[in-house]
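Take a look at the structure set out below.
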Amino acid sequence: MTILRLLVIEGNTSEGRARAAASGGTVASDHYAEVLRALSPGAVIDICYPADPGANLPDRMGLAHYDGIAITGSALNVYDGGPAIEPQVELMRQIYRSGTPCFGSCWGLQVATVAAGGTVIANPRGREIGFARDITLNEAGLRHPMYEGKSSHFDAIAVHLDEVALIPEGMTVLAANAWSPVQAAEIRHDGGLFWGVQYHPEYTFGEIASVFRRYGKPLFEQGIFRTEEEKQAFVVDLATLEASPTDPALVWRFGLGPAVTDKALRTLEIRNWIEHAVKPAKSTRGRA
């Protein structure tokens, strides 16, 4: 068995982590670590918190001691800048320089984009939340190892307001849908390799339910729900799907396919990153 040493970078502030826990969710980095342990049994996983004041962050040499690095989602907006965000962008620059393979969901893709010279903006359509529909692989995506075993069209659990606007040099877009032109990408920058997605392959129905619990006014302003009762009914449906992912009535009602309901397919991008980026790099870097 190959034992991996992995680092999970938490994108949220301590206040954001507290809100997630209070809404019945799991702290993003803790949940990501659980997913990585399931996909790579025995992995040694560290977590760091760059959004926290005074956080002790690894430098380039410290990052090079890891076999892979994963970046969580976040409630922050990278274009706001400031002390919770700028250290995360700089840490991503150091990750590129370290040569350690990196994967990011949502916020992770956005931070990696900015660190490589691209830009991120608020999506004028508003939030893509709940399920990202009809994500479509382009020619590069169809050939990319991150999508080995994945359908060319699929849905995914998602929540994001922001999206990649200016594609940096070294980015290859792999997938898009009607909501966002960059749903997945590879970035090669400064000697490093990043794979990322705008959706959340690590999320469960329970985790996205907690997001809906803590989101209020924006959902009504965007017209996603007309009443609080509608929102609460949807949260109940998500809780039911958490307990029974293939519940026939709900699968039919929400038009869900195996890419969402089957855990192995839902997390396939992360598994493929481990198999096709992390493990080969571990060997070539002399860390077998």
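No value in this document is a laboratory result; all are computed from the given coordinates. Quick caveat, the model's predicted, so the values are computed rather than measured. No Cβ is skipped: glycine too gets one built from the backbone with ideal geometry, and neighbour counts run over all protein chains shown.
Quick check: convex hull over the Cα atoms of region 108-229, volume per residue in Å³, rounded to an integer?
Values: hull volume 13.7 nm³, N = 122.
About 112 Å³ per residue, rounded to a whole number.
Any chance you could list the semi-axes, whole Å, largest first, of the equivalent ellipsoid that the Cα gyration tensor gives for the chain, using √(5λ)?
Working: eigenvalues 161, 88, 72 Å².
Working from the Cα gyration tensor, I get semi-axes of 28, 21, 19 Å.
Gain in length, T119 to H65, computed as 0.36 nm per residue apart minus the alpha-carbon separation, to one decimal in nm?
Values: separation 54, 0.36 × 54 = 19.44 nm, distance 2.93 nm.
Between T119 and H65, full extension yields 16.5 nm more.
Please give me the summed charge of the neighbours of G126: other residues whose Cβ is under 12 Å from its Cβ, Lys and Arg +1, Asp and Glu -1. Each step should come with its number before you reach the end.
Values: positive: R125, R127; negative: E128, D162, E163, E221.
Net charge around G126: -2.
How far apart, in nm, are two points set 7 Å out from the Cα along the Cα-to-Cβ line at H153 and at T2?
3.4
Just the number: Rg to Rh for region 7-111, Cα atoms, Kirkwood Rh, two decimals. Don't skip to the end; give the middle numbers.
Values: Rg = 13.1 Å, Rh = 13.8 Å.
Reported Rg/Rh, Kirkwood definition of Rh: 0.94.
What full-extension length gain, to one decimal in nm, is calculated for L166 and K217 as 0.36 nm per residue of separation minus the Cα-Cα distance? Intermediate results must be reported in sequence, preceding the final value.
Details: separation 51, 0.36 × 51 = 18.36 nm, distance 2.92 nm.
Full-extension gain reported as 15.4 nm.
Only bridges whose two residues both fall in the chain count here: according to DSSP, what percent of them are antiparallel, nearest 5? Intermediate values should be presented prior to the final figure.
Working: 23 of 39 bridges.
Around 60 percent of the beta bridges assigned by DSSP in the chain are antiparallel ones.
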